[in-house]
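Colleague: Please read through the structure below; I'll follow up with questions.
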Amino acid sequence: YFIHLIRLFFIHSEPGRRAGRLAFIINEMSIRNYSKKQILEGINRYEPVKDNRLRLLFAQNPITEETFDQFCRLYANLKDEQYDDVIVIESFGREHEKYLPMISAPSIETSLGSVQINDLLRNDFCDEDDDFYIDDHGFSEKMAVYDQLMMLQSVLDDFKLLSIQVASLRPSIVRELAMAVSELMRDRNALIVVCGDASNAADGALAKIRDMIAANDVSRLMNFLNTGDAGVEGAGPLAAGILIAHDWELSTSIFTPSADEDSVLSGFSRLRQIPQPV
């Protein structure tokens, strides 16, 4: 259906007006027109499946009408949780001379309201490493942070935000990002959301990622993502998230879609259960 709309749009639109109309079509198919009531009704259809507190989410970009239900199931795991800060990590979409840009805006606004950027935390990252910059070249409505923020605003009461984009696929930059997040956020009450697009993932790729995580085969997993064999767009943020979870010794679950579901990036990393003494 979406492809049909795009074809009609190119046939009947004047070139100068295509960009605006295409943005309208994409917005109509996203969740950005949903009310908080609609989102909560979707989330409340599910019970959490986690067995401990979440520290990291793996989430698809974008969240569409077709995949909304799958992400209601994911975000249901944040019920009754509260975080001081949420960091959303996503791909810049192209190469950029500033490898890890963070937007300069004091807040980000959706139809559900405005969320304040944690300026002190943003400065902490700039101080932590030379590749973190305050830079607005990638700031646009296409950013993944908007879709995730709609879900977060619906299920969390109060938090500050930090948006980090990844503008290089170099493994050294991904490791640098993971190390900075691990060190700065380890002991803070924070949730990390890493975004990617698995809609065109290779057959069985999500299952392979899940199995390599379960086997703690991080080196092979990084190679699988770095070579592009997985077919996941935004592999940099995904790889960084996996490295963060590994460093924090979290228990990670990557969900694979059922036969009637779209292929999406969805999962979480949670604190491990500590065995109780007998």
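Colleague: I'd like the projected area of segment 125-171, averaged over all directions, using the convex hull of its alpha carbons. Report it in nm² with one decimal. Mind dumping the intermediate values first?
Modeller: Values: hull surface 18.6 nm².
The number I arrive at for segment 125-171 is 4.7 nm².
Colleague: Place +1 on the Cβ of every Lys and Arg and -1 on the Cβ of every Asp and Glu in segment 172-243, take the dipole about the Cα centre, and give the residue among VAL194, LEU243, LEU225 whose Cα lies farthest towards its positive end.
Modeller: Checked the options; the winner is LEU243.
Colleague: So, one more: Past 30 Å, Cα to Cα: identify those pairs from LYS160/LYS208; LYS98/LYS142; LYS36/LYS142; LYS36/LYS208, in the order given. Let's see the in-between values first.
Modeller: Numbers: LYS160/LYS208 34 Å; LYS98/LYS142 19 Å; LYS36/LYS142 20 Å; LYS36/LYS208 35 Å.
Exceeds cut-off: LYS160/LYS208; LYS36/LYS208.
Colleague: Can you give the helix-only mean residue ellipticity at 222 nm for the chain, where every DSSP H stretch with n ≥ 4 adds -39500 (n - 2.57) and the sum goes over all residues, rounded to the nearest 500 deg cm²/dmol?
Modeller: On the way: 10 runs with 108 residues, N = 278.
Calculated at 222 nm, the ellipticity per residue is -11500 deg cm²/dmol.
Colleague: Which residue fluctuates most in the GNM of the chain (Cα springs below 10 Å): GLY267, GLY241, GLY228?
Modeller: GLY228
Colleague: Hey, another quick one. Go ahead and collect, in residue order, the members of segment 146-162 whose backbone nitrogen is under 20 Å from a label point 7 Å along the Cα-Cβ direction of ASN44.
Modeller: 150-158
Colleague: Another question about this same structure. Taking a temperature of 20 °C and a viscosity of 1.002 mPa s, what whole-number D in µm²/s does Stokes-Einstein yield for segment 72-162 with Rh from Kirkwood over alpha carbon pairs? Please report the intermediate quantities before stating the final value.
Modeller: Working: Rh = 14.1 Å.
The estimated diffusion coefficient comes to 152 µm²/s.
Colleague: Please report the net charge: other residues with Cβ closer than 10 Å to the Cβ of ARG270, K and R +1, D and E -1.
Modeller: Details: positive: LYS50, ARG53, ARG55, ARG272; negative: ASP51.
Value of the local net charge: +3.
Colleague: Can you give the local net charge around ARG175? Use residues other than it whose beta-carbon is closer than 13 angstrom to its beta-carbon, Lys and Arg +1, Asp and Glu -1. Don't jump to the answer; show the numbers that get you there.
Modeller: Values: positive: ARG170; negative: ASP129, ASP131, GLU176, GLU183, ASP247.
Taking every other residue near ARG175 into account, the sum is -4.
Colleague: In whole Å, what three semi-axes, largest first, describe the equivalent ellipsoid of the chain built from its Cα gyration tensor (square root of 5 times each eigenvalue)? It would help to have the intermediate numbers written out before the result.
Modeller: Details: eigenvalues 152, 100, 87 Å².
Ellipsoid half-lengths, sorted descending, are 28, 22, 21 Å.
Colleague: Provide the net charge surrounding MET212, with neighbours chosen by a C-beta distance below 14 Å and charges set as Lys +1, Arg +1, Asp -1, Glu -1.
Modeller: Numbers: positive: LYS208, ARG210, ARG220; negative: ASP211, ASP217, ASP229.
My count for the surroundings of MET212 gives 0.
Colleague: Which residues does a label at ASP211 reach in segment 255-272, if reach means a backbone N under 18 Å from a point 7 Å past the Cα toward the Cβ?
Modeller: The answer is 255-259.
Colleague: Sticking with this one: Give the calculated FRET efficiency between ASP203 and GLU141 to the nearest 0.05, with a Förster radius of 25 Å applied to their Cβ-Cβ distance. Present the calculation step by step, with values, prior to reporting the outcome.
Modeller: Details: r = 32 Å, r/R0 = 1.29.
E between ASP203 and GLU141, to the nearest 0.05, is 0.20.
All of the numbers you see were taken from the coordinates with simple rules; none came from a lab. Because the structure is a prediction, the values reported are computed rather than measured. Cβ sites come from the backbone with ideal geometry, for glycine too, and all protein chains shown count toward neighbours.
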